[in-house]
Amino acid sequence: MIYGLGGALNLAYGQMAVMSAMVVLFAMDAGVPALPAVGLGLLTGALLGLVLDLTIFRPVYRRQGEARVLLSLLLTLGLAFVVDGFLTWRIPFRGLTLNIGGGPIDILGVPMRRGSLLASAITILAFALLFAFFRTTALGRAVRSVIEDEQGARLVGVDPRRMLRLILIMSGFLAAIVAVTRAMVTPVTVTLGFEITVFALIVTVVGGLGSFPGALLAGVILGIVNSIAASYIGTFLSLIILLAAAGITILLRPSGLLGVRE
Amino acid sequence: MPTLELRDVGKSYGGLPAVDGVSIGADDGEILAIVGPNGAGKSTLLKLIVGLEPATKGTIVFDGEDLTNYPPHRIRQRGIALVQQTPRAFPSMNVLENVALAALFGRANAHRDEEKALARAGEALEFVGLADRRFDHVGNLNLHQQRFLALARAVAGDPRVLLLDEVMAGLNDAELATSISIVRAIRDLRHITVIWVEHVMKAVMSLAERVVVLNFGKVLTQGLPQDVMRDPAVVEAYLGETSQSA
């Protein structure tokens, strides 16, 4: 979410997800039941967003335009490497898996894993709540005003720093949801951070910066492309095919699928 | 004591002064026009007042409180609103949502009551004559209507001082007459002090109660519109050319 907001990039997004997953893992190791452990993981994601806002994003938001993009890119990329390196050094072989019990469920004659279905349901619910927040609440409209015109937002009395802080906290919370839902399908290992970041970045750019319906549409389309490529061609080529699909989309529609043309 | 007072306010870019030691004040309920040639520092002065640009010297006092270099959202909430020459509506929101946002956030100690904000926004739209367009997409408004929308956004927060930056540029005679009557109503009915940067001298002469002339970032003279217009130095340096073009 932070990609489209205030012209800043968070390349440590995947690491936020992995750190949240590790908190869930260690909580469960310590005997905490799965549901409270997941709650702790979500709280961790939100807190990480707040910590980012209070630390490396402070100098970022003091700058405007290109300087803001570049500084956010450099600082968060550096942070991502540090977090990745630390986790790989200290707990190289750990991964979070959330086993959802029970056999597959038939959907239109296709057997679906319960974990996949639950993950999809949580994702759709999260998106619906997010969409409702941005569309129907005054606070959501205030955030949108900052996304669309930061100076204009200031002139109607909206404090952009507060809105940017809120969005980083929400972004961290969503990163934790990404980790938890992914762990229902496949293990979230300590080295997964950059893969999550790259996929999120591709989805955002293809969907259109700042467009939530665009991000959803791009996520679904690219997810299908990724799955087909992984199943029929090979996992080793799926990222290349994904990038090629994203590249073609951007060539045809530079503002993204549902982005606003400048 | 003036409601808004600028004391020796200055702004330099790379050592070059855009505004150079300006000291002016606007009284409660006054309509004060600021005129001068392009590059005189008029728009920069308004940006300094609302905090969009930091002043490099001087103080800006509003109701006895020093607001110099406060962030723009806090200045807006204190009661100073700006309408810029190029209207900047939020494109994903309809007309009413645009104004409601200002009604909700553009007030001091706002209680964030959305119902009341919507009511105030509706009333502000009624005031500027856009009530029947409230659910329209802002992209469907023409420039004239977008300026009225900007005015509605400004007055919806119940400001004490309204700053207008060349809001009458490019209007035809009918649009100009409507704009003049709305600005006059803003002062008369809402008791808002208006500080108004303008090039259209016909509008200035019919609406302003006092005129400040800026040149090269400094105050050249100030006074009643008819007196300023008769000042030979002003006529020769600034108003002669503008009067002909207006």
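Rule-based calculations on the coordinates, nothing more; no lab input. Quantities reported herein were computed from a predicted structural model and do not represent experimental measurements. Note that each Cβ is placed from the backbone with ideal geometry, even for glycine, and that neighbours are counted across all protein chains shown.
Just so you know, the averaged projected area of the alpha carbon convex hull for chain B sits at 12.9 nm².
Report the Rg/Rh value for the stretch B:91-157, based on alpha-carbon coordinates and the Kirkwood definition of Rh.
That ratio equals 0.95.
Computed from backbone phi, the HN-Hα couplings of the stretch B:168-175 come to 10, 5, x, 8, 7, 4, 5, 5 Hz, rounded to whole numbers (Karplus: 6.51 cos²θ - 1.76 cosθ + 1.60, θ = phi - 60°; Gly and Pro given as x). Across the options B:G14, B:I60, A:L54, the greatest Cα extent toward the positive end of the charge dipole of the protein assembly as shown (unit charges at beta carbon of Lys, Arg, Asp, Glu) belongs to A:L54.
Using Cβ point charges alone (K and R +1, D and E -1), the dipole size of the protein assembly as shown about the Cα centre works out to roughly 1360 debye. Residues whose amide H lies under 5 Å from that of B:A18, counting only those 5 or more places away or on a different chain, are B:K11, B:S12, B:Y13; hydrogens are built 1.01 Å from N in the peptide plane. Computed over the stretch A:33-91, the Cα gyration tensor eigenvalues convert (square root of 5λ each) into semi-axes of 27, 16, 7 Å, ordered from largest to smallest.
Charge tally for A:P213 (other residues, Cβ to Cβ under 15 Å; Lys, Arg +1; Asp, Glu -1): +3. Nearest 10 degrees is fine. How inclined is helix A:114-136 to the longest principal axis of chain A, computing both from alpha carbons? Approximately 20 degrees, to the nearest ten.
Using θ = phi - 60° in the Karplus curve 6.51 cos²θ - 1.76 cosθ + 1.60, the 3J(HN,Hα) couplings for the stretch A:24-32 round to 4, 4, 5, 5, 5, 4, 7, x, 6 Hz; x is entered for Gly and Pro.
So, R0 is 51 Å and r is the distance between the beta-carbons of A:R62 and A:I105; what FRET efficiency does that work out to, to 0.05? Computed FRET efficiency for A:R62 and A:I105: 0.50. Normalised by 2.2 N^0.38 Å, where N counts its residues, the alpha-carbon radius of gyration of the stretch A:124-186 equals 1.31.
Looking at B:A177, B:A81, A:L108, which one has the Cα that reaches farthest to the positive end of the dipole of the protein assembly as shown (charges on Cβ: Lys, Arg +1; Asp, Glu -1)? Highest projection toward the positive end goes to A:L108. Once both labels are positioned 7 Å from their Cα atoms along Cα-to-Cβ, the gap between A:R162 and B:R112 label points is 0.7 nm.
At a threshold of 8 angstrom on Cα-Cα distance, excluding pairs fewer than six apart, so keeping six or more, what relative contact order does the stretch A:2-190 reach in percent?
Relative contact order, the stretch A:2-190: 40 percent.
For the stretch A:107-237, the fraction of C-alpha pairs farther apart than 18 angstrom is 64 percent. The dipole here belongs to the stretch A:2-190: it is taken about the Cα centre, uses +1 on the Cβ of Lys and Arg and -1 on the Cβ of Asp and Glu, and is about 240 debye. Rounded to the nearest whole angstrom, the semi-axes of the ellipsoid equivalent to the protein assembly as shown, taken from the Cα gyration tensor as √(5λ), stand at 53, 23, 20, largest first. Here the Karplus curve 6.51 cos²θ - 1.76 cosθ + 1.60, taken at θ = phi - 60°, turns the phi angles of the stretch B:127-133 into couplings of 4, 9, x, 10, 4, 6, 9 Hz, with x standing for Gly and Pro.
Counting only DSSP beta bridges whose two residues both lie in the protein assembly as shown, roughly 60 percent are antiparallel.
Taking a ≥ b ≥ c as the square roots of the Cα gyration tensor eigenvalues, with a/c under 1.5 meaning rounded and otherwise prolate when a/b beats b/c, else oblate, which class fits the stretch A:192-262? Since a/c reaches 1.5 and a/b is larger than b/c, the shape of the stretch A:192-262 is classed as prolate.
Taking other residues whose beta carbon is less than 11 angstrom from the beta carbon of B:E30, and scoring Lys, Arg as +1 and Asp, Glu as -1, yields -1.
Can you pull the Rg over Rh of the stretch A:1-131, Cα-only, Kirkwood?
Ratio of gyration radius to Kirkwood radius for the stretch A:1-131: 1.05.
Amide H to amide H distances under 5 Å link B:L220 with B:V213, B:L214, B:N215, where only residues 5 or more positions off or on other chains count and H is placed in the peptide plane.
Would you mind computing the Rg to Rh ratio of the stretch B:115-246 from its alpha-carbon coordinates, Kirkwood style for Rh? When Rh is taken as the Kirkwood radius, the ratio is 1.02. A simple count of charges around B:P54, restricted to other residues whose Cβ falls under 13 Å of its Cβ and scoring Lys, Arg +1 and Asp, Glu -1, yields +3.
Spatially close Lys pairs in chain B, defined by Cα atoms under 26 Å apart and a spacing of eight or more places or different chains, total 12.
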